[in-house]
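Every read-out reported here was derived from the displayed coordinates using simple, explicitly stated rules and does not represent laboratory data. Every value quoted in this text rests on a predicted model; they were computed, and no experiment measured them. All Cβ positions, glycine included, derive from the backbone under ideal geometry; neighbour counts span all protein chains shown.
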Amino acid sequence: MQEADARWVLEALSRYEAALLRYATSLVGRSLAADVVQDTFLELCRAKREEVQGHVAAWLFRVCKHRALDLGRKQRRLRSLEEADVEEAPDSGPVNKLERKEAATRVGAALARLPEREREALTLKLDAGLSYKEIAEVMGLTPSNVGFILHTAVKRVQRELGGEVKPTARVAGRTS
Amino acid sequence: MTHAHEDPRVTAYALGELPPEERAAFEAELAKSELLRDELEQVEGTLEALRDEIRAQPKDALDEARRSRIRAALPQRRRRARTLVVTAVTATAMAAGALLFFQTAGRERDAAEVAHVSPKLALDEEKNMPVRAATVAASAASAPGQAPGDDEHKGKRLDREAYDAFQDNPFVEVATDPRSTFSVDVDTASYSLMRRHLNEGRLPPKGAVRIEEMINYFAYSYPEPEAERPFSVSAEVGAAPWASGHRLLKLGLKGKHVAPADVPGTNLVFLIDTSGSMSDENKLPLLKRAFSLLVQQLDAVDRVSIVTYAGSAGMVLGPTPGNDKAAILGAFDRLDAGGSTNGGAGIQLAYKLAAEQMIRGGINRVVLATDGDFNVGMTSQSDLVDLVEQKAKSGVFLSVLGFGSGNYNDSTMEKLADKGNGNYAYIDTLNEAKKVLVEQATGTLMTIAKDVKIQVEFNPAEVSAFRLIGYENRVLAHRDFNDDKKDAGEIGADHTVTALYELVPVGGAAGVPGTDPLKYQRPGAPTGSAVKGELGTVKLRYKLPSSNESQLLEVVVRDSARPESGDFRFAAAVAELGMLLRDSPHKGSSSFADVIRLASSSELDERRRELVELARKAEQLRTRER
């Protein structure tokens, strides 16, 4: 039983580590992301298994988010003490700029330009593979909110890309 | 119909997220509408492009340093040091035949370690069996102190009960961690469970003994709260009877009195388990009588609904005015046990009814009565807990009443009540039903403060170490104290909550058990406030039932040379009995004789006398065991 508990954490680690790192990066930037993810798994080691079981993914991403926001707040406070300026909306930290620069493709650029919430929901869905319900748990929304946000995000990206995505080609691709 | 471009179902469908019933309808629409088909293809194309983009990102992994930190914290490594203790718990729990589910929880959340088998695994079989004949002939009306039944059955019937095993909170040195943070707990189920076990002739499993619930089973006299405050806080300090030189701090909270006339109305939905296992005499029949008692107190402004779950969920009684006793009691009479349990679906119906009948400012509650299994159907325990937690936010709270024995699931029930801003009581006799549902009806039903958290900071000038007695599964991280998003316990009208700390005073002969002095650091620098005389400061955070913002209350605690009050001695006696039953590592010189002597030195009412009786029984059983 004890073995199983350790294995359970390790399984979660190998399964979600990469997605959590990217998610944390999108929230606090690369330099802090590793700490955030490390803390998330340390928390998992301490958690009561029956409180986590059945929704490990949602639990991990939620804890990761809280940790990221905590750290992010601290960092911002430090920065604003040091630099005493920063005219940015609280949500568009340096991370967003960084990501915008990094986006090599048009899809990537469209993704980076999405409002925070929409990009977060999309990442959780497409990268981490969370269900609407799990995303709702992480983001503190209802599942139907999530459905709406995701749909809006998809439509926004679609508009940005104009005619680049060829529906017909996709259909052909699907049937092959 | 929604315009195709704004229809979130399209994306949900493309992602496989439409629930089956909606999917069929959507596909029917798809077949008819070319516009919708185009839209779907567009969305699928975009999703595909996004997925490719996201997957093209570099595959990050944690570096080795962080990885090894995680490995070092893995549950099994932490437990190794305690193998002995865990094994001891296991052996005893198995001896009692009650090991389905156990875990250890240390003083801090972060010391909580888990090892368990899901209770569900073991429960299915029995619940799916057809109606069983009543195996316990216990008369519901029997006074506490007797519960007949033949001995042969007892051992067997226990084996499906699920209790969480846990470790007692350890001593904490004030120099390294001066704070203690926990959530209040007004549950009392552990006491009546313990009583049932002792009355049936066996010692209770250690996991079933939660000392704070035993202490809180009894009322203590505390001052009425000041106006504006929902509860009062008081403290008393005296000798710890089981450890010479140690002090005992007793903290008391008392909820304000709410006259029944001041309650705008009561909207109750009884959610009753009528599965086959509920047919025992000490379950459904007792439950019917218990609820009849409660209903006697209702009047025309109140609403009562009854929902059952057994195989399928059903409404037995639609919302009915409280003064229509004939209709309500008639509905209770018709309840019949048979079928298997699907707690999930029944709970949803119950909450729906409660929401429809919501009385603003009144008592809105789902009262769940069950022997504790939710093992058929859609619901995982975490889904259920989520649902209950979410509904509590909407103002419908949950009370959980446990009945019967055999496959009793203590851990699920406690958790549900905890998340549902509710309380959890175990009803073993009609007297207990009277206590919970008649004498304390307003307390059981009317919440006056929610998310009540306590944080005590001890003064290093006076206290060198402390130990919170009980509340093991209510311990919070220090940072959660000021975090209004963190759920905590509720206090009802007239409820009293009592917490005991065992303190090791500075400079006394008694050191901190089990720790060596630090080699590399000296305790931090005390502030100017750390003067002699103050033991510590008690801070409380709470929210009014309709508010989401917490309020803060602070009280400074001083030691006194006054002799201990009767209440103090009695609470100490209950704690001692709990430690003996748990075979706590901190029990010191505790003995059953001591419990009896201490308790008897306070003024005994009928309920307190019962504790003395139970201590005698436990002593006999323990002697026989050895």
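Things to note:
- Note on A:139-150: average number of Cβ atoms from other chains within 10 Å of each residue's Cβ is 3.
- J(HN,Hα) series, region B:471-477, from Karplus relation 6.51 cos²θ - 1.76 cosθ + 1.60, nearest Hz, glycine and proline x: 6, 4, 8, 10, 5, 10, 5
- Sorting the segments B:456-462, B:180-186 by their residues' average number of neighbouring beta-carbon atoms within 10 angstrom, most packed first, yields B:180-186, B:456-462.
- Computed P(r) (all Cα pairs; region B:519-626; 5 Å bins; percent): 2, 9, 13, 13, 11, 12, 14, 12, 8, 5, 1, 0
- Annotation note: chymotrypsin sites (Phe, Trp or Tyr not before Pro) in region B:542-626 located in DSSP loop regions with a Cβ neighbour count of at most 15 within 10 Å are absent.
- Extent along the principal axes, Cα only, for region B:212-296: 54, 37, 16 Å, with the longest axis given first.
- Extent along the principal axes, Cα only, for region B:168-310: 55, 46, 26 Å, with the longest axis given first.
- Centre separation in Å (Cα based) which lies between region B:603-626 and region B:254-310: 31
- Counts of other chain beta carbons within 10 angstrom of each beta carbon in peptide B:8-18 average 5.
- When the P(r) of region B:20-72 is calculated, the portion above 15 Å amounts to 69% of the C-alpha pairs.
- From the C-alpha gyration tensor of region B:1-49, square roots of 5λ in Å: 16, 13, 9
- Peptides A:32-38, B:64-70 ordered by average Cβ neighbours within 10 Å, highest first: A:32-38, B:64-70
- Whole-Å distance, taken between Cα centres, linking region A:13-59 and region B:525-597: 37
- Distance (nanometres) between label positions extended 7 Å along Cα→Cβ at B:Ala65 and B:Lys519: 2.4
- Global geometry of region A:108-152, whether rounded, prolate or oblate, following the gyration tensor of its Cα atoms and the 1.5 cut on a/c: prolate
- Counts of other chain beta carbons within 10 angstrom of each beta carbon in peptide B:63-75 average 6.
- Calculated FRET efficiency, B:Arg289 to B:Asn323, Cβ-Cβ distance, R0 = 22 Å: about 0.65 to the nearest 0.05.
- Dimensionless Rg/Rh of region B:259-328 - Kirkwood Rh, Rg from C-alpha atoms: 1.01
- Normalised by the number of residues in region B:192-343, the mean separation of alpha-carbon contacts (under 8 Å, six or more apart) gives a relative contact order of 18 percent.
- Violating pairs (Cα-Cα greater than 28 angstrom) within the set B:Lys486/B:Lys539; B:Lys352/B:Lys539; A:Lys74/B:Lys485; A:Lys65/A:Lys133: B:Lys352/B:Lys539
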